[in-house]
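Here is the structure we will look at.
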Amino acid sequence: MNMPRFWREIQGRYNLIGSRCGNCGDYFFPKRDICPKCHRKSIGKMDAVKLGGSGKIVSYTVVHDAHPEYSDMKPYVMAIIELDEGVRLTSQIVDCSPEEVRTGMRVRATFRKLAEDGKEGVIFYGYKFRPE
Amino acid sequence: MRAGIVSYGAYIPRYRIKPEEIGKVWGEDGVARGKGLGIISKSVPSPDEDVITIAVEAARNALKRADIDPQDIGAIYSGSESHPYAVKPTSTVVAEAIMAAPDLTAADYEFACKAGTAALQNVLGLVESDMIKYGIAIGADTSQGAPGDPLEYSASAGGAAFLVGKEKVIARINGIYSYTTDTPDFWRREGQPYPSHGGRFTGEPAYFRHVMTAARKMMEKMGVGPEDYTHVVLHQPNGKFPRRAAKKLGFTDEQVETGLLTPRIGNTYSGAVPLGLSAVLDISKPGDRILAVSFGSGAGSDAFDIAVTDEMENFNRNAAPLISEMVENEVFIDYATYVKYRGKIRRKGD
């Protein structure tokens, strides 16, 4: 991962900072500058908000053919999570075996290592989700 | 001292390994080893956990129990001997992850297993002198033990964070005493993956001398005796040392029991006294008095005489997981999984 790009996204990845449209009230994650529904009416009204970090699993898959960074944890679960604010995002589900995961299961955000740029490179941190 | 603990939070990874699982690989009687150390299991971090993730979770748990603006935090100090970076602080990540950045000072501390209490002393000093309103001190480790070394039976992972301030103090610090000497009982040279130690030399001249002197001088300074404390929390490299030291000092088993976590989660190094103190605060009532004494190899001990205040009645300790809940939330793994999780397998490109 490109370091400056990750650095720009730290607030989103660490603290689930998204946006709320001041016009329609919808939440977005990651942050957006313009609401896709309200368009120019949302200009200047997209407020940065900290999402609560709790939600439920909408859909999930068990990964057996893992990315090299994640091979130590395979088989592991990747899920689409709907946060209580209505925002959806994709994340790994940790502290839970694939057999325990269910659609509709309540989860909450936790702080984990996402990846590292080799043994000498920078370590990237951010959200993953675990059973609530 | 008007500065005291306003809130606290902890984190213990959920994976565990038993001594018998380790012993069977190295041709040793693991059950006997565990019995000798007073350890029935130890915590193991998952591959995506390290001191930074543990420190962040602990600090967040401390903030869940406190009604403060993170922007009022003026200092974050994290003590550990397993910071993920040799150069680049753990504390800056914590500051950003609890939304305390950028108007604060942050630094990492290192003093073997007492780096967390050293951080706590420094935060107390800054708050007491009104240089900052609130500060966070963290002790956390994912300690290393070389494969086949006796340390492998005990070296574990976990940590706790203390929010220090002057308002709504749940645990007042009556006094502090530190005892420090140059005693090379345990060390890790720069760039080396595993620590070295003096075997039996880590006992009498190191652990017992420092912990017991610090405890005695703390009590002398306060003009009290063992009977004046509700709980005592001593550094706990294994389940035996703190019991023996406490007994020699005149404490009863009941005073030791609550703050002794090593038998279930192993030696969390810089996290040990902070976690033990958290376990005590989990059940404390106003009027309780606590003696906490850390030990860091190299060597030194920090003693804290702590009084639980009436504010504890209003404290929302259930806003974050209790130590007992984290201790019980365990998943046992085998030795092969353990070495994979701890990165002890040499792979292509390593």
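The values are calculated or read from the model by the stated rules, or taken from the named source; none is laboratory data. Only a predicted model underlies this, so the values are computations on that prediction, with no experimental measurement involved. With ideal geometry, Cβ positions are generated from the backbone for all residues, glycine too; neighbour counts draw on all protein chains shown. In case anyone asks, the SASA skips ligands and DNA or RNA and just uses the protein heavy atoms, side chains included. Shrake-Rupley method; radii C 1.70, N 1.55, O 1.52, S 1.80 Å.
For the reader, a short list of remarks on this structure follows.
- At R0 = 41 Å, FRET efficiency that the Cβ-Cβ distance of B:ASP350 and A:THR103 yields, to 0.05: 0.55
- Of the residues in the stretch B:67-113, those shielded by at least 20 Å² of accessible area once partner protein chains are present, compared with the chain alone at a 1.4 Å probe, are B:TYR85, B:VAL93, B:GLU96, B:ALA97, B:MET99.
- If you take the Cα centroid of the stretch B:17-70 and the Cα centroid of the stretch B:227-267, the two points sit 18 Å apart.
- Euclidean distance between Cα centres, the stretch B:308-350 to the stretch B:81-139, Å: 21 Å
- Extending 7 Å from Cα along the Cβ direction at B:SER129 and again at B:ASP103 yields two label points whose distance is 2.1 nm.
- Surface composition of the protein assembly as shown: carbon and sulfur atoms hold 49% of the protein heavy-atom accessible area at a 1.4 Å probe.
- Structural descriptor for the stretch A:52-131: relative contact order 30 percent, calculated from alpha carbon pairs under 8 angstrom and at least 6 residues apart.
- Solvent-accessible area buried by B and A, counting both chains, probe 1.4 angstrom, square angstrom: 2000 Å²
- In order along the stretch B:218-229, phi translates into HN-Hα couplings of 4, 5, 4, 4, 8, x, 10, x, x, 5, 7, 9 Hz, rounded to whole numbers, per the Karplus curve 6.51 cos²θ - 1.76 cosθ + 1.60 with θ = phi - 60° and x for Gly and Pro.
- Karplus-derived HN-Hα couplings along the stretch B:211-216 (A = 6.51, B = -1.76, C = 1.60, θ = phi - 60°), whole Hz, x at Gly and Pro: 5, 6, 5, 4, 5, 4
- Accessible-area loss of 50 Å² or more (1.4 Å probe, protein heavy atoms, chain alone versus all protein chains) is found in the stretch A:64-108 for A:ASP72, A:ASP95.
- Per-residue mean of foreign Cβ neighbours for A:112-123 is 3 (Cβ atoms of other chains, 10 Å radius).
- Taken about its Cα centre, the stretch A:52-131 carries a charge dipole of roughly 280 debye when the Cβ of each Lys and Arg holds +1 and the Cβ of each Asp and Glu holds -1.
- Cβ-Cβ distance of B:ASP67 and A:CYS24, R₀ of 41 Å, FRET efficiency by 1/(1 + (r/R0)^6): the value works out to about 0.85.
- The residues of chain A present an accessible area of 55 Å² per residue when probed at 1.4 Å with all protein chains retained.
- C-alpha center-to-center spacing [the stretch A:1-49, the stretch A:65-129] in angstrom: 21 Å
- Normalised per residue, the accessible area of the stretch B:107-223 is 40 Å², obtained with a 1.4 Å probe and no contribution from ligands, DNA or RNA.
- Computed FRET value (nearest 0.05) for A:SER71 with A:ARG32, which takes r as the C-beta separation and R₀ as 30 Å: 0.35
- Cα-projected label distance for A:MET78 with B:ARG200, points at 7 Å along beta-carbon direction, nm: 5.6 nm
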